[in-house]
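A.B. asks: Would you mind keeping the following structure in view while I ask a few things?
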Amino acid sequence: MSKKKDEQSTLLSRLPSVDEILKGPEGSAWLRSFPRAIVLQAVRDVIAGERQKILDGKKPGSSLAKLLPDIAGQIRALSSYNLMQVINATGIVLHTNLGRAVLSERALENVLAVSRGYSNLEYDLEAGKRGKRHVHTGRILRQLLGAEDALIVNNNAAAVFLSLNTLAKDREVIVSRGELVEIGGSFRVPDVMTASGAILREIGTTNKTHLHDYSGAVSEKTGLILKVHQSNYKVIGFTEDVPISELVRLGNDQGVPVMYDLGSGNLIDLKPYGIHTEPSVQEILRSGVDIITFSGDKLLGGPQGGIIVGKKDLIERIRKNPLARAVRVDKMTIAAFEATLMEYLDPDEAMKNIPVLNMLFQPVESLRIRARKLAAGLRKQGSPAAISVIKDVSKAGGGSLPDATFDTYAVSIVPLNISVNDLEKRLRSGSRPVIARIREDALLLDARTVRNNEIPLLVEIVSTALSKA
Ligand SMILES: *Cc1c(COP(=O)(O)O)cnc(C)c1O
């Protein structure tokens, strides 16, 4: 045996055993406070890590005393939830990676109320017999939107898929080349089309599509005319697309249904808030379009879901598709939707109470005040960093309002003792992770997505991260 191998086996033989650790005072204390399976797993994980270090020729840390903190850390990690609350300091309100829409208090309360006990999910209280789960959100959607009928499924991707599969399987769907979009997470219009069994009939060019492109493509093979919201990009310059009202006229003339995948989809007129490019779902419905699909957790500010609204006979066919069962929503989603949608009965209340709308359209002055408060809190801790409040811009995110920017204020932190990358990493590794942006040598905490009640905790987390050597 070589000298190196010899050394390795000596080191390996010195590793403490699982039993030894469990029988020690720390081991016994852990076993009293945590499930045995977790303690066992943590001890094994740490020993395995040490063993691997030795085999890789790295120096192990390995006296028992040195391993104990690692094991304690691993126990904490294994016994806390993997999916957890984070502080979003990116300023991006609809951050797809951070759970998109924050739910309203009213939605959360209703989820609790409905899930804590039994509910009339599929029970008709008046008739005293089996009912249908879609009636709960159907009522408020018809009232708010003036739609003939509505259906909610698992997400907008499912809404598009199910609608295409029901209305255009083995038939052609006419789409402009300027609208063959890819949204994040591999939702691509051509791929969804193929998977649904519909046949893509592309027309026009990337920048221009005319009404005659659509009318020239209609044939006995046509199942649907589809318009897709560009969501996350914008073609600018020499461009043309056909308004939904003209597509509806063409569809009516030719007896072909027209569907609009609206992506986000706002229920409030956003013109008073400076957004002139996004007509509301109600406005688009008034064009006479047959089917509109949109997300529940983008601008609407509700739970994940896909809303299909439109003509009664078509919605009924979509509902009867056997695949509808595969993408149906559960009671928690329905409860959150009904409560979120109820807020829209009074648009001013919706702006106040739905976090997505509130965060997007809050006055810039209140963002400045919040940023100053955060900066003042950090300065008071005397953290080793240069702290200032800066003006900045943020985006809506989540493929919503691609051409809108929102003025905002952020706290800029230049750490003095550690690198800005280290600071960013520390912030996202804690028990309440903070997600922030780096620009040049500063870490930015955008006030737009930080809630007022998170400020004391955020101050504590950031100053602790800055102070550690
Ligand atoms: C976001 C989006 C989708 C997918 O919606 P999900 O609710 O995320 O499944 C589909 N189409 C368009 C145009 C979108 O913007």
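The values are calculated or read from the model by the stated rules, or taken from the named source; none is laboratory data. Just so we're clear, the structure is a prediction, and the values are computed from it rather than from any experiment. So basically every Cβ, Gly included, is an ideal-geometry build from the backbone, and we count neighbours across all protein chains shown. Quick note on the areas: whole protein, heavy atoms, side chains included, nothing else; ligands and nucleic acids left out. Shrake-Rupley method; radii C 1.70, N 1.55, O 1.52, S 1.80 Å.
A.B. asks: What accessible area per residue comes out for the chain, rounded to a whole number of Å², with a 1.4 Å probe?
C.D. replies: Value for the chain: 50 Å² per residue.
A.B. asks: Mind pulling up the Rg/Rh value for the range 3-79? Radius of gyration and Kirkwood radius, both on Cα.
C.D. replies: Taking Rh as the inverse mean 1/r over Cα pairs, Rg/Rh reads 1.01.
A.B. asks: Something else: Could the peptides 335-346, 435-446, 187-198 be put in order, highest first, of the mean number of other beta-carbon atoms found within 10 Å of their residues?
C.D. replies: 335-346, 435-446, 187-198
A.B. asks: Right, next: For all pairs of alpha-carbon atoms in the range 105-353, what percent lies in each bin of width 5 Å, listed from the first bin to the last filled one?
C.D. replies: Taking all Cα pairs of the range 105-353, the binned fractions are 1, 6, 13, 18, 19, 16, 12, 7, 4, 2, 1, 0, 0 percent.
A.B. asks: Enumerate the amide H contacts of G296 below 5 Å, restricted to partners 5 or more residues apart or on another chain; note that Pro and chain-start residues carry no placed amide H.
C.D. replies: Result for G296 returns N156, G305, G306, I307.
A.B. asks: Per residue Cα convex hull volume for the range 82-157, in cubic angstrom?
C.D. replies: Cα-based convex hull of the range 82-157, divided per residue, equals 174 Å³.
A.B. asks: Identify, among L15, V46, I87, the residue whose Cα sits farthest towards the positive end of the charge dipole of the range 1-98, taking +1 on the Cβ of Lys and Arg and -1 on the Cβ of Asp and Glu, with the dipole about the Cα centre.
C.D. replies: Among L15, V46, I87, the one farthest towards the positive end of the dipole of the range 1-98 is L15.
A.B. asks: If you don't mind, there's one more thing I want to ask. Residue by residue through the range 347-356, which ³J(HN,Hα) values in whole Hz follow from phi under the Karplus form 6.51 cos²θ - 1.76 cosθ + 1.60 (θ = phi - 60°), with glycine and proline marked x?
C.D. replies: Rounded to whole hertz, the list is x, 5, 5, 4, 4, 7, 9, 8, x, 4.
A.B. asks: Hey, another quick one. From the P(r) of the range 35-91, could you give the percentage of C-alpha pairs in the tail past 15 Å?
C.D. replies: Of the Cα pairs, 58 percent sit more than 15 Å apart.
A.B. asks: For every helix of n ≥ 4 consecutive DSSP H residues, a contribution of -39,500 (n - 2.57) applies; sum these over the chain, divide by its total residues, and give [θ] at 222 nm rounded to the nearest 500 deg cm²/dmol.
C.D. replies: -13000 deg cm²/dmol
A.B. asks: Quick one: putting +1 on the C-beta of Lys and Arg, -1 on the C-beta of Asp and Glu, what dipole do you get for the range 3-79 around its Cα centre, in Debye to the nearest 20?
C.D. replies: Here the size comes out at about 140 debye.
A.B. asks: Roughly to the nearest percent, how much of the accessible area of the chain is carbon and sulfur, given a 1.4 Å probe?
C.D. replies: Using a 1.4 Å probe with all protein chains present, the chain comes out at 51 percent carbon and sulfur.
A.B. asks: Find out how many positive minus negative residues lie around N207, taking Lys and Arg as positive, Asp and Glu as negative, among other residues whose Cβ is under 15 Å from that of N207.
C.D. replies: Neighbourhood net charge equals -2.
A.B. asks: Continuing with the same structure: Between the range 324-361 and the range 171-229, what's the alpha-carbon centroid distance in Å?
C.D. replies: Each part reduced to its Cα centre gives a spacing of 30 Å.
A.B. asks: Mind giving me the FRET efficiency for S366 and K5? R0 is 45 Å, r the Cβ-Cβ distance, nearest 0.05 is fine.
C.D. replies: With R0 = 45 Å, the Cβ-Cβ based efficiency is 0.10.
A.B. asks: Straight-line reach only, C-alpha to C-alpha below 25 angstrom: list the lysines that K58 could link to, leaving out same-chain residues fewer than 8 apart.
C.D. replies: The qualifying lysines are K3, K4, K5, K66, K425.
A.B. asks: Here's something else I'd like to know. Could you pull out the pairs from K169/K298; K331/K373; K23/K53; K234/K271; K352/K391; K271/K331 whose alpha carbons sit more than 30 Å apart here?
C.D. replies: K331/K373; K271/K331
A.B. asks: Rounded, prolate or oblate: which one fits the range 61-198, using the alpha carbon gyration tensor with axes a ≥ b ≥ c (rounded when a/c is under 1.5, else prolate when a/b beats b/c, else oblate)?
C.D. replies: Note, shape of the range 61-198 comes out oblate.
A.B. asks: Another question about this same structure. Using a cut-off of 12 Å between beta-carbons, work out the net charge of the residues near R325 (Lys and Arg +1, Asp and Glu -1, R325 not included).
C.D. replies: Every neighbour counted, the sum reads +4.
A.B. asks: As an exercise, use a Förster radius of 60 Å and the Cβ-Cβ distance of K221 and L108 to find the FRET efficiency, rounded to the nearest 0.05.
C.D. replies: 0.80
A.B. asks: Same structure again: Using the eigenvalues of the Cα gyration tensor, what equivalent ellipsoid semi-axes result for the chain when each is taken as the square root of five times the eigenvalue, whole Å, largest first?
C.D. replies: Working from the Cα gyration tensor, I get semi-axes of 49, 28, 25 Å.
A.B. asks: While we're on this one: Sum up the charges of everything whose Cβ sits under 15 Å from the Cβ of F238, counting Lys and Arg as +1 and Asp and Glu as -1, but leave F238 out.
C.D. replies: +1
A.B. asks: Please list the non-local residues whose amide H lies under 5 Å from the amide H of K208, H modeled 1.01 Å from N, same-chain partners needing a gap of 5 or more.
C.D. replies: E240
A.B. asks: Kirkwood hydrodynamic radius (Cα pairs, Å) of the range 345-385?
C.D. replies: Answer for the range 345-385: a Kirkwood hydrodynamic radius of 12.1 Å.
A.B. asks: Also, I was wondering about something else. Give me, ordered by chain and number, the residues 5 or more places off V434 or on other chains with an amide H under 5 Å from its own placed amide H.
C.D. replies: I87, R428, S429
A.B. asks: Kirkwood Rh, Cα Rg: Rg to Rh for the range 264-410?
C.D. replies: A ratio of 1.09.
A.B. asks: Here is a follow-up. Where does the Debye-calculated log10 I(q)/I(0) of the range 353-469 sit at q = 0.20, 0.21, 0.23 Å⁻¹, using only Cα point scatterers of equal weight, no solvent?
C.D. replies: Those come out to -1.10, -1.20, -1.37, one per q.
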